[in-house]
Amino acid sequence: MAELDITSPLLSSPSSYQPQTVLTVHDDQDSEPSNLQSSLPTTILHQNHNHGRTHNENGHHSSPNPYEFLRSGGFSVPASTTVDPFRNETPFISGIYEVIKIVLCLPIALARLVLFGAFLVVGYMATKVALAGWRDKQNPMPKWRCRLMWVTRVCARFILFSFGYHWIRRKGKPAPREIAPVVVSNHVSYIEPIFYFYELFPTIVASESHDSIPFVGTIIRAMQVIYVNRFSPTSRKNAVNEIKRRASCNVFPRVLLFPEGTTTNGKALISFQLGAFIAGHPIQPIIVRYPHVHFDQSWGFISLPKLMFRMFTQFHNFMEVEYLPLIMPSDHQKQNAVRFAERTGRAMASALNVVQTSHSYGDLMLLMKAAQLQQEKPWIYMVEMARIESLYHISSLEAVDFLDKFLSMNPDPSGCVKPHDFLRVLQLKACTLSEEISGFPDVEKNGSITFKQFLFGSAHVLKLPLFRQACELAFAECDTDGDNFCTKKELADVLRHTFRELDDDEVQGLFNLFDTDNDGRMSRDDFFYCLRKNPLVIAIFSPRLLRKNLSKAGDKMLEDIV
């Protein structure tokens, strides 16, 4: 045996093996490449003539990328965290001790309920008196009205007492308003706003929906609440401007924000909204803990009546509030709210000894949507929305729409969809291109698609720079008579470049997919709306777009890009 060194291969190649070069030869003599085609890499032009398998970096068998004609280089899906920041650890009563305790506390719970109702009414009446005749809501509440609100603040402390918070442990002290005009806190339950109302009487930033809550809406109005609609960019911008105005003026109360934007279980700190940090004022973080053994007090994925009942039937509920040191923004962070928010989040997570995740309120929306549609494990449809929002600028409402589409594909209990169900919902006939489309989001190449893969894949295609222009060109191909409508026959003529044998039922299925308003005809708006909701479908027009001479459209598209 010949001597081997460390660089020698373990197995030698067969002597008959020779490297080979594969050339793709086209016989389309009568069609010249368009300007659109010439602007794309040569490999893209060859993709529809070469459906051979390739191998990815991990050695998995993979399909060609059907979106290379849009200059897609593929995408990756980050690993999912095992942390669920919304799950309440004790959603059900379990254990003999807990059952006996609840039975013993039922008479106490009734007394606590009466106490809660009585002080809520007294506080409400005191607030009505304090607000009577006050019209100038743009300026701070007059001092004499603030003194009347002390009645409501004392009532708030008795309400906490009725919930079992007989004493509350505090660590540290709130900084003077002149030094820390903005305070931020983690948000675990509805208890913190009640505590801060009593302790600090700040101006809070809250959802517009809170104003319509009986009793509560009136009371928080006295705090000169800054309302915000989280789904309206205009509302968010106005709220940020109002935060700046009030934080800059010492005659206003300090501004309190819950930057997570929703309640969690306190086991993690989710992504921060930037409203508290854009103004660049010094911030005092406050953290709240609820130590427990048998009853998790967090308002996670649990109903409010159930949580209140459990609180009423405890001997005592523990709560700890810690005022952290002031965080002064650096000159750079005054200009960069993201960095300021990250620094504050790290300080709070370190003090809480919890991890930070990229979850957001959007994940809670996905969780509730999956639960509403009776999914066996609704939590597996969370995707850490803050990350995908930063990467692809996909809103939470758009993500919920994608989840609705995904759930119509009949996922199994583990949340995975098989390719045939994927193609069925998108009305795609089984063929090589359809296989490539279904294989595109399956980045792990295991024969199934998760919602996170589907969402990342759809968002990736939707946000490609050439996606909108491809939609324009595709509709222009369908609208042969230029009337801004596409008939079923026109659609069939275009799609026969993709699907060689397409029967009437299959054409009708695709036509119905694009006819989003179900009026029997496909308008330009229908076409674009469908592709925004189903961006992966754009690939079915790639054979026509790549073969047709679209020089003028290609020139216009390139001008738009440049």
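The values are calculated or read from the model by the stated rules, or taken from the named source; none is laboratory data. Bear in mind that the values here come from a model prediction, so they are computed numbers and not experimental data. Neighbour counts run over all protein chains shown; Cβ positions are idealised from the backbone, glycine included.
Taking into account only those residues within segment 250-280 that are under 15 Å from I226 (Cβ atoms) and β-branched (V, I, T), which is modelled with the lowest pLDDT?
I278
Does segment 434-480 hold any residues that are closer than 19 Å to S523 by Cβ and either in contact with a His (Cβ under 6 Å, 6 or more places away or on another chain) or assigned to a loop (DSSP other than H, G, I, E, B) (or both), and which are they?
Within segment 434-480, D479, T480 qualify.
Any residue at all in segment 283-297 that is crowded, with 21+ Cβ neighbours inside 10 Å, of a type outside the set (D, E, K, R), out of contact with any Asp or Glu (no Cβ under 7 Å at 6 or more places or on another chain) and over 23 Å from Y165 (Cβ atoms)?
Checked segment 283-297: at least one residue is crowded, with 21+ Cβ neighbours inside 10 Å, of a type outside the set (D, E, K, R), out of contact with any Asp or Glu (no Cβ under 7 Å at 6 or more places or on another chain) and over 23 Å from Y165 (Cβ atoms).
Here are some residues: A386, A351, A347. Which one is surrounded by fewer than 22 Cβ atoms within 10 Å (Cβ to Cβ) and touching a Ser or Thr at 6+ places or on another chain (Cβ under 9 Å)? Break it down stepwise before answering.
Working: A351 fails: touching a Ser or Thr at 6+ places or on another chain (Cβ under 9 Å); A347 fails: touching a Ser or Thr at 6+ places or on another chain (Cβ under 9 Å).
Of the residues listed, the single one that is surrounded by fewer than 22 Cβ atoms within 10 Å (Cβ to Cβ) and touching a Ser or Thr at 6+ places or on another chain (Cβ under 9 Å) is A386.
Name the pairs whose Cβ atoms lie under 6 Å apart, with the first residue in segment 210-221 and at negative phi and free of Cβ contacts under 8 Å to residues at least 40 places away in the same chain, the second outside any helix (DSSP H, G or I) and crowded, with 17+ Cβ neighbours inside 10 Å, and 6 or more positions between them or separate chains?
Taking only residues 6 or more apart or on different chains, not a single pair turns up.
Considering only segment 515-529, state which residues are over 13 Å from F541 (Cα atoms) and in contact (Cβ under 8 Å) with a residue 24 or more places away in the chain.
Step one: list which residues in segment 515-529 are over 13 Å from F541 (Cα atoms), which gives 515-526, 528-529.
The answer is R521, M522, S523, R524, F528.
Taking only segment 161-214 into account, find how many residues are in contact with a Phe, Trp or Tyr (Cβ under 6 Å, 6 or more places away or on another chain) and acidic (D, E).
1
Can you find, within segment 357-383, the residue that is surrounded by the fewest Cβ atoms within 10 Å (Cβ to Cβ) among those that are in contact (Cβ under 8 Å) with a residue 60 or more places away in the chain and assigned to a loop (DSSP other than H, G, I, E, B)?
Across segment 357-383, the extreme among qualifying residues is S358.
Which one is farthest from L428 (Cα to Cα) among residues in segment 488-538 that are of a type in the set (F, W, Y) and over 27 Å from the mean Cα position of the chain (by Cα)?
Of all residues in segment 488-538, those of a type in the set (F, W, Y) come to 499, 511, 514, 527-529.
Among the residues that remain, those that are also over 27 Å from the mean Cα position of the chain (by Cα) are: 499, 511.
Numbers: F499: 9, F511: 11 Å.
Here the answer is F511.
Being of a type in the set (A, V, I, L, M, F, W, C), assigned by TED's automatic domain parsing to the domain that holds R532 and modelled with pLDDT under 95 is the requirement here; does A430 meet it?
Values: of a type in the set (A, V, I, L, M, F, W, C): yes; assigned by TED's automatic domain parsing to the domain that holds R532: no; modelled with pLDDT under 95: yes.
Spelling it out, it is not the case that A430 is of a type in the set (A, V, I, L, M, F, W, C), assigned by TED's automatic domain parsing to the domain that holds R532 and modelled with pLDDT under 95.
Among the residues in segment 104-125, are any modelled with pLDDT of 95 or more, charged (D, E, K, R) and surrounded by 12 or more Cβ atoms within 10 Å (Cβ to Cβ)?
yes
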